[in-house]
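See structure below.
The values are calculated or read from the model by the stated rules, or taken from the named source; none is laboratory data. What you see is a predicted model; the values in this text were computed from it and never measured. Positions of Cβ are generated from backbone atoms using ideal geometry, with glycine treated the same way; all protein chains shown enter the neighbour counts. All accessible areas refer to the heavy atoms of the entire protein, side chains included, with ligands and DNA or RNA removed. Shrake-Rupley method; radii C 1.70, N 1.55, O 1.52, S 1.80 Å.
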Amino acid sequence: MIEIKNLSFARGNNLIFQNVSFRVKPNELMVLKGANGQGKTTLLSNIVNFLEPLEGDILYHGKSIDSHTASHCFLYIGENNFAYDNLSLNENIKYWLAVHNVNFSQEIRDKSIKFLFNELNLNLKFYQLSYGQKKKLQLLLLMLVNKPVWILDDPFNGLDKNTVKKITTLLSKKVENNGLIIISSHQDVSIPNHKIFQLK
Amino acid sequence: MINNFLKLVKNEFTLMLRGSVFTIVLYSLLLIAASIFSLALRHVSFDIEIAIAFLWVIIFFISLIKVEKVYATDFSEPKLQQYILSPFALEIVVFLKNIMIYFNLLFLFIIFSPIILIILGIQLSYLLPINILLALSLLSIIFISSMTASITISKNNKLSITSVLTLPLFIPILIFSMALTDVVDFQLNKMYLFFVAYFLLNLAFSPLLTSFALKKLSV
């Protein structure tokens with residue numbers, strides 16, 4: 001369970017959010033909503049321990065989240081792409097799966113790639129891909145990196161209807177399998193029983 | 001874990017090879033600079049020490065630029081976030097990147113060095129000692145440069161100025177390298193030991209400080 005207690009964050013003298021509190025349990029999905037600049041991305045960065053809050057606590061199973069917990073339990077997919085432009089799609093997939101220490105058989109990996117990318121030429125350089133195709137590489141990690149908590153910053157942004165549907169299926173399955181997911185999104189999420197937290 | 005570490009090394013090697021174009025551009029600029037230097041001093045007879053000192057200063061700047069460039073692209077915020085959440089410590093990634101930069105710069109220097117020496121009027125008998133000197137000093141330069149780069153690429157521009165704090169770390173390298181230019185006969189056993197010792201010292205703290213700065217300033 002992730003518990004956020006009276007969390008506040010400021011950049012310099014600029015208070016981004018104040019007294020934010022909520023809980024997310026395993027088998028739950030929390031959607032953070034709010035207008036631009038309300039601090040959705042900042043809040044997610046706080047949860048993953050990239051940023052230190054001004055005050056308040058973030059607990060995972062009752063303990064403060066340190067870098068060890070974050071690296072072993074959390075998968076974070078941000079808004080911006082992390083792939084290398086001068087590597088091919090296939091090389092990027094191999095690189096980032098190695099970075100996340102993922103060991104899957106070639107068969108499982110190929111199935112996951114096909115699920116997201118269909119008939120796309122994997123030897124294309126990353127800079128030759130469209131925004132949506134690039135975004136799919138990030139989402140491939142969701143299928144292959146086995147961590148109990150997913151923190152996703154606007155995962156549906158720039159994706160076509162078909163891919164949004166696939167991602168929604170992935171999120172639903174993760175929640176069913178005892179996963180805990182926190183996402184920020186401007187779109188409505190069609191996953192049953194999800195919670196919404198509105199940042200003001 | 002070991003299997004994936006080896007894959008990571010292999011992939012970093014691929015990235016290093018793809019980044020070679022930039023290094024070739026930098027060495028081409030070195031060739032132009034060396035040509036201008038030689039042409040400007042064509043009516044003056046200068047000692048070999050001056051040519052070696054010139055070469056050394058240019059290599060020093062090339063290393064700084066290369067490290068800065070790699071860090072700016074390879075440790076952009078989204079990539080850094082993934083490295084931080086990786087089961088591999090960020091220090092290991094920093095170490096791997098530094099070593100790959102080292103091999104990239106060194107290997108291409110070995111290829112370019114005969115031409116550079118000819119342009120600068122240095123006898124080719126100095127080719128081996130100059131390459132050995134560079135191979136040893138470059139390790140420390142890159143590891144120190146990585147600390148500088150980790151601060152200069154920070155999100156907060158005001159903090160970038162603090163990267164000058166790392167510059168004194170270059171002083172021992174500069175002093176010894178300049179001293180080497182006086183030792184044209186290259187009887188350098190003790191000098192070599194200094195470079196190895198200084199590199200080991202850098203190796204002990206540089207990846208730690210670099211990754212600390214990256215985590216604190218760039219995410």
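Listed values, structure above:
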| item | result |
| --- | --- |
| Flag for residue B:94 being assigned to a helix (DSSP H, G or I), surrounded by 21 or more Cβ atoms within 10 Å (Cβ to Cβ), within 14 Å of another protein chain (Cβ to nearest Cβ) and among the β-branched types (Val, Ile, Thr) | yes |
| Conditions (1) among the aliphatic types (A, V, I, L, M); (2) open to solvent by 20 Å² or more (accessible area, probe 1.4 Å); (3) modelled with pLDDT of 90 or more; number of the one not met by residue B:50 | (3) |
| Which listed residue is hydroxyl-bearing (Ser, Thr, Tyr) and within 14 Å of chain A (Cβ to nearest Cβ), from B:27, B:102, B:83 | B:83 |
| Single match in B:73, B:23 (criterion: in a helix (DSSP H, G or I), in contact with an Asp or Glu (Cβ under 9 Å, 6 or more places away or on another chain) and of a type in the set (Val, Ile, Thr)) | B:73 |
| Lone unmet requirement of (1) more than 7 Å from chain B (Cβ to nearest Cβ); (2) in a helix (DSSP H, G or I); (3) out of contact with any Gly (no Cβ under 9 Å at 6 or more places or on another chain); (4) among the small types (Gly, Ala, Ser) for residue A:56 | (2) |
| Complete set of residues in segment B:146-181 that are part of a helix (DSSP H, G or I), hydroxyl-bearing (Ser, Thr, Tyr) and modelled with pLDDT of 75 or more | B:146, B:148, B:150, B:152 |
| Answer residue from segment A:168-187, given it is under 19 Å from residue A:41 (Cβ atoms) and assigned to a loop (DSSP other than H, G, I, E, B) and is least open to solvent (accessible area, probe 1.4 Å) among those | A:185 |
| Members of segment A:109-132 found to be part of a helix (DSSP H, G or I) and open to solvent by less than 80 Å² (accessible area, probe 1.4 Å), listed by number | A:109, A:110, A:112, A:113, A:115, A:116, A:117, A:126, A:132 |
| Number of positions in segment B:18-28 that are touching a helix residue (DSSP H, G or I) at 6+ places or on another chain (Cβ under 8 Å) and open to solvent by 50 Å² or more (accessible area, probe 1.4 Å) | 2 |
| Search result, residues across segment B:18-47 that are under 30 Å from residue B:95 (Cβ atoms) and touching a residue at least 60 places away in the same chain (Cβ under 8 Å) | B:19, B:20, B:23, B:24, B:27, B:30 |
| Boolean, residue A:188 is within 25 Å of residue A:30 (Cβ to Cβ) and touching a helix residue (DSSP H, G or I) at 6+ places or on another chain (Cβ under 6 Å) | no |
